[in-house]
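The values are calculated or read from the model by the stated rules, or taken from the named source; none is laboratory data. These numbers were taken from a predicted model, which means no experiment stands behind them. Don't worry about glycine lacking a Cβ; one is built from the backbone with ideal geometry, like all the others, and counts go over all protein chains shown.
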Amino acid sequence: MISVSSGTGGTVSPTSISVGSGSTASFTLAYSTGYEIASIGGCGGQLSGTSYVTGPVTNNCTVTAAFRLKRYNVSANASASGSITPSTVSVEHGGTAEFSVIPGADAVLAGVNGCGGALTGSRYTTGPITADCSINATFARPELLMQGMTSPWGITELPDGRLLITERVGTLVVTNVSRTTVEARINLPLAIGVEGQGGLLDVALDPDFNTDPKIYFTYAETGSGAEAGLFGTAVARARFAANALNDFEVIYRQAPKVGGGAHFGSRVVFRSDKTMFVTFGDRGNASFVQNLGSSIGKIVRIARDGSILANNPVIAGGRPEIWSIGHRNSQGAALRPGTDELWLNEHGPQGGDELNRIVAGGNYGWPNVSYGCNYGDPVGTACRIGGGVHAPTYLEPVSYWVPTSVAPAGLVFYTGSRFVPWQGHAFMGALAGTALWRVELNGNVEAARERLFGSLGERIRDVHQGSDGYLYFVTDSGKLFRIRD
Ligand SMILES: [Ca+2]
């Protein structure tokens, strides 16, 4: 007689068997979910897979089996700017593990994922573990690459990795490939009005730069003749070769030119069809913004030679280049990844800064409505211009900042691989708000937003995603930072 003794977590069957002297017997093991064999022995047998076969039996004997919960390895990895501890935990089937997630100095946590977990404060707790798994914690910290520029305003990148950075005083910086020094500084022979907020502004590469190396600029243009002393944002392009710019052409001019140095916009964003959006501020003359005969307070879409397109949204009585209206001062604009949909941020007055999703022919309300208040009014909800709410007459912002303006500038949607938790999120600088803002979206709705790197105390003017997958930004104090993982 061979009998079986086994604990919980599995079965050995049959539970007893009679065999003739000198014969062997075979038993089959079965495991409860999450269990494995801990030990089995007796009757001179051997385990093979789920079969236990005894040796030749000459006496009564017992097969003894014990089962145990399986154990799994949960490993944790962190990017260099922070830590996650412990690095490995052994967990029984169905159990959970806890990890401590600590950003390094000046760093923030971009996100933690893996093993079905959730973050509470600095504790990351996994879901029930039923297999080996790993956790990734991604941190981000700013790294100062360069300083000493004069009011850098716009950033773009050459195909070889060098950055082009405009300086508002009218020069274009070409960095070295490692983005740590000024390789060249080029004076632009344009009628640049360095007045108030004006000067040389944005920079963008031609979509066909590799075969036709043109670079586009926006700037505050000084008027002449009847417009002497007045300014308007203009768009020019030039050919770039050997760290020099030639063949300048002014391809578009905001109209009319007006006095003062406020609210020039302006960002250039190329669409997949190689036409461009340009954002134009209200120039501190809000009365022009709802006037369809001007390009003040508008987004325009033009061909890259400046010519007017036939397929813009038809706004009755409006200039044919107009794409949308009712904008106060947009210093950040980008396409939503994978689309030709323009998103932009714009400055409100006292509060009321906006992140907007632009639809063709849309009216974004300025100066008739804003979540902000006129200068001099007490800050609060009662003084919101036009009551604040845009709908149904005007398009609501996706996000807005009250009661204090952050003064947004620069905008990118992150698509790189360095900060996987941030993919699809919008990043914008803030001037008065001295920070980088991260806006997480759920469809076209804000899911969360976060103020980052405020401890730098820097006015962030433009944000760029590098070809290396890192984020870069420039500050009014003349610095270039890279966000490292
Ligand atoms: Ca608005």
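Data for the structure
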{"quantity": "Failed item in (1) assigned to a strand (DSSP E or B); (2) in contact with a Pro (Cβ under 9 Å, 6 or more places away or on another chain); (3) touching a residue at least 40 places away in the same chain (Cβ under 8 Å), with ARG239 passing the rest", "calculated": "(3)"}
{"quantity": "Of all residues making up the range 450-485, the number that are under 15 Å from ALA430 (Cβ atoms) and of a type in the set (Ser, Thr, Tyr)", "calculated": "3"}
{"quantity": "Residue match in the range 221-231 (condition: over 29 Å from the mean Cα position of the chain (by Cα) and surrounded by 21 or more Cβ atoms within 10 Å (Cβ to Cβ))", "calculated": "yes"}
{"quantity": "Those residues of the range 61-113 which are within 18 Å of ARG123 (Cβ to Cβ) and in contact with a helix residue (DSSP H, G or I) (Cβ under 8 Å, 6 or more places away or on another chain), in sequence order", "calculated": "ALA110, GLY111, VAL112, ASN113"}
{"quantity": "Count of residues meeting criterion [away from the ligand (no atom under 16 Å from the Cβ) and at positive phi] in the range 403-422", "calculated": "1"}
{"quantity": "Matching residues in the range 367-402 - criterion: being touching a helix residue (DSSP H, G or I) at 6+ places or on another chain (Cβ under 7 Å) and within 11 Å of the ligand (Cβ to nearest atom)", "calculated": "PRO367, ASN368, VAL369, SER370, GLY372"}
{"quantity": "Of the criteria (1) in contact (Cβ under 8 Å) with a residue 12 or more places away in the chain; (2) assigned to a strand (DSSP E or B), which one ALA448 fails", "calculated": "(1)"}
{"quantity": "Candidate set from the range 143-176 (those that are over 23 Å from the mean Cα position of the chain (by Cα) and of a type in the set (Val, Ile, Thr)); member that is surrounded by the most Cβ atoms within 10 Å (Cβ to Cβ)", "calculated": "VAL173"}
{"quantity": "Residues located in the range 406-440, provided they are assigned to a loop (DSSP other than H, G, I, E, B) and either more than 29 Å from CYS383 (Cβ to Cβ) or at pLDDT below 95 (or both)", "calculated": "TYR414, THR415, GLY416, SER417, ARG418, PHE419, GLN423, GLY424, HIS425"}
{"quantity": "Residue check for ASN210: at pLDDT 95 or above and assigned to a strand (DSSP E or B)", "calculated": "no"}
{"quantity": "Where THR85 falls short, out of the listed (1) on the phi < 0 side of the Ramachandran plot; (2) in the same structural domain as LEU29 (by TED's automatic domain parsing)", "calculated": "(2)"}
{"quantity": "Hits in the range 135-159 - residues which are farther than 19 Å from GLY454 by Cβ and part of a strand (DSSP E or B)", "calculated": "ILE135, ASN136, ALA137, THR138, LEU145, MET146, PRO152, TRP153, GLY154, ILE155, THR156, GLU157"}
{"quantity": "Selection status of SER287, out of contact with any Ser or Thr (no Cβ under 6 Å at 6 or more places or on another chain) and either surrounded by fewer than 16 Cβ atoms within 10 Å (Cβ to Cβ) or assigned to a strand (DSSP E or B) (or both)", "calculated": "yes"}
{"quantity": "Residue count, the range 304-344 (criterion: within 11 Å of the ligand (Cβ to nearest atom) and part of a strand (DSSP E or B))", "calculated": "3"}
{"quantity": "Restricting the range 345-366 to residues that are among the polar types (S, T, N, Q) and surrounded by fewer than 23 Cβ atoms within 10 Å (Cβ to Cβ), the residue that is farthest from the ligand (Cβ to nearest atom)", "calculated": "GLN350"}
{"quantity": "ILE37 vs. criteria farther than 26 Å from LYS70 by Cα, free of Cβ contacts under 8 Å to residues at least 60 places away in the same chain and of a type in the set (A, V, I, L, M)", "calculated": "no"}
{"quantity": "The range 412-445: number of residues that are under 21 Å from PHE481 (Cα atoms), of a type in the set (Val, Ile, Thr) and either surrounded by fewer than 17 Cβ atoms within 10 Å (Cβ to Cβ) or free of Cβ contacts under 8 Å to residues at least 60 places away in the same chain (or both)", "calculated": "3"}
{"quantity": "PRO403 being over 30 Å from VAL314 (Cα atoms), in a helix (DSSP H, G or I) and touching a residue at least 12 places away in the same chain (Cβ under 8 Å)", "calculated": "no"}
{"quantity": "Flag if GLU396 is charged (D, E, K, R), without any contact (Cβ under 8 Å) to a residue 60 or more places away in the chain, surrounded by fewer than 20 Cβ atoms within 10 Å (Cβ to Cβ) and more than 26 Å from GLY111 (Cα to Cα)", "calculated": "yes"}
